[in-house]
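Remarks on the structure that follows.
The values are calculated or read from the model by the stated rules, or taken from the named source; none is laboratory data. Worth saying up front: this structure is predicted, and the values here are computed from it rather than measured. Reconstructed Cβ throughout: ideal geometry from the backbone, glycine too, with neighbour counts over all protein chains shown. Each accessible area value is taken on the protein alone, full model and side chains, heavy atoms only, with ligands, DNA and RNA left out. Shrake-Rupley method; radii C 1.70, N 1.55, O 1.52, S 1.80 Å.
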Amino acid sequence: MKKIPVSLGERSYEIVVGHGILSDIGSAIGRLGLGPKEMIVTGSTLWPLYGKIVHDSLASGGFDVSLATLRDDEESKSLQTVTTIYDKLLEDEFDRNSGIVAVGGGVVGDVAGFAAATFMRGIPFVQVPTTLLAQVDSSIGGKTGVNHPKAKNLVGAFHQPRAVWTDVSTLLTLSERELRSGLAEVIKYAVIADQGLITALERNISAFSKASSDTLVEIVSRCCSIKARIVEQDERERGLRSILNYGHTVGHALEALTNYAHYTHGEAVAIGMIAAARISHDIDATNRDTVELQENLVKAAGLPVRIDRPTDPHEILQQLNRDKKRVGGRVRWVLPRTIGDVFLTDKVPPDVAVKVLKDMIA
Ligand SMILES: NC(=O)c1ccc[n+]([C@@H]2O[C@H](COP(=O)([O-])OP(=O)(O)OC[C@H]3O[C@@H](n4cnc5c(N)ncnc54)[C@H](O)[C@@H]3O)[C@@H](O)[C@H]2O)c1
Ligand SMILES: [Zn+2]
């Protein structure tokens with residue numbers, strides 16, 4: 001078991017990563033001094049798999065436990081779902097001394113976290129992430145929120161969890177595609193901040209779900225540490241935290257251009273990382289080895305390295321510019337210098353980006 005502290009003054013908390021630890025959550029949360037009532041928020045298919053274990057552990061830890069099960073697809077990440085959580089909290093007479101325990105992937109964590117951030121101006125919550133993406137990314141850092149019909153993640157709040165309780169054994173029931181999608185974020189962490197993680201990935205990435213539980217704990221906790229260190233320095237994404245968007249510039253554009261239906265988030269990010277590394281090479285900011293090492297990892301993870309449908313590279317660039325308007329500046333690229341080191345730049349010539357993207361289109 002690994003414990004990773006997230007030091008944010010009075011909002012500090014611990015991420016615990018282990019194997020087979022779900023049934024220990026009751027006693028662990030008991031030590032946090034939370035109120036007597038806890039509401040488990042989970043997906044309806046996750047309830048029998050993992051929600052119930054968490055429920056029983058909390059109940060035997062002396063908590064008065066309620067339950068809200070949701071549909072947990074991306075369309076359900078809405079204010080309407082948040083309202084159903086408020087309704088349930090009111091029905092079960094929750095007050096500011098009570099808390100929420102989110103058991104699920106990023107959708108459950110974002111929705112439940114947002115309900116916790118806003119109910120009675122904020123009640124405590126605990127994350128129990130069950131997808132690889134949620135374990136290495138969305139459960140850490142306090143971003144919560146829902147989608148607006150016109151834009152993803154438009155409505156949200158920063159609200160740090162009181163603890164993150166991560167059991168890597170939950171990954172065994174995750175679909176291959178979801179698992180691979182999460183691996184894109186794992187590769188991202190290695191490239192932005194951890195050369196040492198590369199060796200562990202080279203050894204295990206092609207059969208990740210068959211890796212030993214110790215290896216899974218090691219890889220997941222290394223990613224958590226990287227995100228924790230970045231969030232500690234830039235909780236509200238004023239600067240440094242944006243390096244976590246490595247691969248996401250082109251990734252988001254591809255997701256939007258295909259109406260979020262063709263690529264999973266991780267697949268789009270994988271393609272985005274390949275594009276970023278090639279752009280970096282074209283502007284002489286990185287060497288060929290860095291580009292190839294990353295491409296080999298992405299391939300070994302079973303993630304795409306090419307854009308597999310006819311797309312006009314100018315259209316991708318236009319989409320990037322639309323994103324750019326939202327943040328009010330020029331396109332902000334995160335590019336690798338070498339493995340473990342990236343930099344931010346808004347000086348990528350558009351024709352370099354177009355050329356790189358053109359070469360990547362099938
Ligand atoms: N808050 C943040 O900082 C942050 C960061 C990245 C992504 N996100 C958000 O996270 C969401 C995506 O999260 P996700 O990739 O975890 O997907 P998800 O929550 O949509 O889950 C994917 C599917 O896997 C199922 N599932 C979850 N755990 C399972 C398990 N252990 N076994 C079997 N099935 C399981 C779910 O029921 C769901 O059908 C997006 O909405 C994204 O915006 C948030
Ligand atoms: Zn991502």
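Rounded to the nearest 500, the 222 nm mean residue ellipticity of the chain from helices alone is -14000 deg cm²/dmol, with -39,500 (n - 2.57) taken per DSSP H run of at least 4 residues. For the residue pairs K37/K77; K77/K347; K188/K358; K2/K88; K77/K227; K88/K210, the C-alpha atoms sit more than 32 angstrom apart in K77/K347; K2/K88; K88/K210. Here the contact order of the range 1-110, divided by its residue count and restricted to Cα pairs under 8 Å and six or more residues apart, works out to 31 percent.
Provide the net charge surrounding V65, with neighbours chosen by a C-beta distance below 9 Å and charges set as Lys +1, Arg +1, Asp -1, Glu -1. Its environment carries a net charge of -2. With all protein chains kept in place, the per residue accessible area of the range 228-362 amounts to 47 square angstrom at a probe of 1.4 angstrom.
Sorting 120-127, 152-159 by their mean Cβ neighbour count within 10 Å, with the most densely packed peptide first, gives 120-127, 152-159.
Of all aspartates and glutamates in the structure, the ones whose alpha carbon falls short of 19 Å from that of K3, not counting any fewer than 8 places away in one chain, are E14, D24, D137, D167, D194, D214, E218, E232. Relative contact order for the range 265-362: what percent, with Cα pairs under 8 Å and sequence separation of 6 or more? Here the relative contact order equals 37 percent.
Which listed residue (S175, A200, I279) has the Cα farthest towards the positive end of the charge dipole for the range 171-310, taking +1 on Lys and Arg C-beta and -1 on Asp and Glu C-beta about the Cα centre? Working it through, the farthest residue towards the positive pole turns out to be S175. Sort the range 38-81 into rounded, prolate or oblate with this rule: let a ≥ b ≥ c be the square roots of the eigenvalues of the Cα gyration tensor; rounded if a/c is under 1.5, and if a/c is not under 1.5, prolate when a/b is larger than b/c, oblate otherwise. Taking the square roots of the gyration eigenvalues as a ≥ b ≥ c, the range 38-81 is oblate.
Quick note on the range 1-160: its Rg to Rh ratio, both from C-alpha atoms and Rh being the Kirkwood radius, is 0.93. Take each peptide in 338-350, 174-186, count the other Cβ atoms within 10 Å of every residue, and average; sorted highest first, the result is 174-186, 338-350.
Please compute, over every Cα-Cα pair in the chain, the percentage with a separation greater than 28 angstrom. Everything past 28 Å amounts to 42 percent. Distance from the alpha carbon centroid of the range 204-225 to that of the range 12-82 works out to 23 angstrom. Looking at the range 1-43, the trypsin sites (Lys or Arg not before Pro) that sit in a DSSP loop and have at most 11 other Cβ atoms within 10 Å of their own Cβ are R31. Can you send over the carbon and sulfur percentage of the accessible area for the chain, probe radius 1.4 Å, protein chains only? Taking all protein chains in place, the chain shows 48 percent carbon and sulfur surface.
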